[in-house]
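This report refers to the structure that appears directly beneath it.
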Amino acid sequence: MLKIENLKVKIKNKEILKGINLNIPKGKTYILFGPNGSGKTSLLMAILGIPRYKAQGKISFKKKDISKFPLDRRARMGLGISFQRPPTIKGLRFKEIAKAYSPLNQKETENLSKKLRFENIILREINKDLSGGEIKRGEIFQVLAQKPDFLLLDEPESGVDVENIDVLGKVLASFLESK
């Protein structure tokens, strides 16, 4: 599903990652552990194709070399990401953004919202005046609404209380079982 060969990543001419090799077969779940500043987020950003992360090496997704593909093309191929610190987007509501890009119909969107205990938040502006748990549920809502084939989660537990970890855990477990 995802294969990385001899990946090097730089930010502002500072090498962050050197010679990373990784092979993730379809249906497998991998967790990356490491100390703060060890490059976990940089690796995810390079896989997704975030421009400021200058990557050299080969990144293959679904047996296609995506190393030179822009971020939007990678997303359309089925790569999805939940960011560690997602931005606030004033004036844009969760429901509106899901309607703009999600292949889910209205009923599926409502079901996903319900599973995430997100029904009252879906009408609010993205991450504006939300708690840490609400922000994380919003991130998961947005990425799962895309129906990704491959999901990258950057610190999904960051800023989340126990109750929200339970909700997120159940929803993500359901997603993984469906793949």
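None of the figures in this text is laboratory data; all of them are computed from the coordinates on show. Worth saying up front: this structure is predicted, and the values here are computed from it rather than measured. Heads up, the Cβs are rebuilt from the backbone with ideal geometry, glycines too, and the neighbour counts pull from every protein chain shown.
In whole Hz, with x marking every Gly and Pro, tabulate ³J(HN,Hα) for region 165-172 from phi via Karplus 6.51 cos²θ - 1.76 cosθ + 1.60, θ = phi - 60°.
Per residue, the Karplus-derived 3J(HN,Hα) values read 4, 4, 4, 4, x, 5, 5, 5 Hz.
Out of residues 5 or more away from ILE66 or on other chains, whose amide H comes under 5 Å of its own, with H placed 1.01 Å from N in the peptide plane?
Counting only residues 5 or more places away or on other chains, the set is ILE59, SER60, PHE61.
Show log10 I(q)/I(0) for region 2-77 at q = 0.11, 0.13, 0.20, 0.26 Å⁻¹, two decimals, from a solvent-free Debye sum over equal Cα scatterers.
Here the Debye-derived log intensity ratios amount to -0.26, -0.36, -0.87, -1.39.
What residues qualify as long-range amide H neighbours of LEU17, i.e. H under 5 Å apart, gap of 5 or more or another chain, H built at 1.01 Å from N?
Amide H to amide H, under 5 Å and 5 or more residues apart or across chains, LEU17 pairs with VAL9.
To the nearest 0.05, how large is the calculated FRET efficiency for ILE89 and ASP161 if R₀ is 22 Å and r is the Cβ-Cβ distance?
0.40
Can you give the relative contact order of region 92-169 as a percent, counting alpha carbon pairs under 8 Å and 6+ residues apart?
Relative contact order, region 92-169: 38 percent.
How about region 1-56: which chymotrypsin sites (Phe, Trp or Tyr not before Pro) there lie in a loop by DSSP and see at most 14 other Cβ atoms within 10 Å?
When the chymotrypsin sites (Phe, Trp or Tyr not before Pro) of region 1-56 are filtered for loop state and at most 14 Cβ neighbours within 10 Å, TYR30, PHE33 remain.
Could you work out the relative contact order of the chain? I mean the mean sequence separation of Cα pairs under 8 Å and 6+ apart, divided by the number of residues, in percent.
21
Through the Karplus equation 6.51 cos²θ - 1.76 cosθ + 1.60, θ set to phi - 60°, convert the phi angles of region 77-87 into ³J(HN,Hα) values in whole Hz; use x for Gly and Pro.
Calculated HN-Hα couplings, in order: 6, x, 7, x, 9, 10, 7, 5, 10, x, x Hz.
Let me see the pair-distance distribution of region 11-52: every alpha carbon pair, 10 Å bin width, integer percents in order.
Histogramming region 11-52 at 10 Å steps yields 21, 57, 20, 2 percent.
Extent of the chain along each principal axis, from alpha carbon coordinates, in Å, largest to smallest?
Answer, in whole Å and largest first: 45, 30, 30 Å.
Skipping prolines and chain starts, which residues have an amide H placed within reach, meaning under 5 Å, of the one on SER82, given they are 5 or more residues away or on another chain?
LEU152, LEU153, ASP154
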